[in-house]
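As structure tokens, the structure follows; a few thoughts come after it.
Laboratory data are not the source of any read-out in this text; all were calculated from the coordinates shown. What you are looking at is a predicted structure, and each value in this text was computed from that prediction instead of being measured. A quick note on method: Cβ atoms are made from the backbone with ideal geometry, for glycine too, and the neighbour counts reach across all protein chains shown.
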């Protein structure tokens, strides 16, 4: 299976299904509303953009490299700072 197919499967399972179930639970127990097809549809429409952002954009392997380049931050300098502040240094 290719990496692209795995990312799409992750998007569907984690991004859509799990987040929709999470919001359904919140609506049921937080508000006490009945779960109807209309409520499910609205929750799905609310989950969709956040799932796209979190699973397909931010989790992309090159996202942080591109973001650093866009923000004009040197990756080597940032890596040095991260290594310096790493918990591994304490052990």
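Just the residues that are surrounded by 14 or more Cβ atoms within 10 Å (Cβ to Cβ) and within 14 Å of the chain's Cα centre (by Cα), please, taken from the range 39-59.
Going residue by residue through the range 39-59, those that are surrounded by 14 or more Cβ atoms within 10 Å (Cβ to Cβ) are 39-40, 43-44, 47-48, 51-52, 54-56, 59.
Matches in the range 39-59: 47, 48, 51, 52, 54, 55, 56, 59.
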Exercise. Tell me, which helices (runs of 4 or more DSSP H) wholly within the range 19-75 include 2 or more residues that are touching a residue at least 24 places away in the same chain (Cβ under 8 Å)?
Worked result: 19-26, 37-51
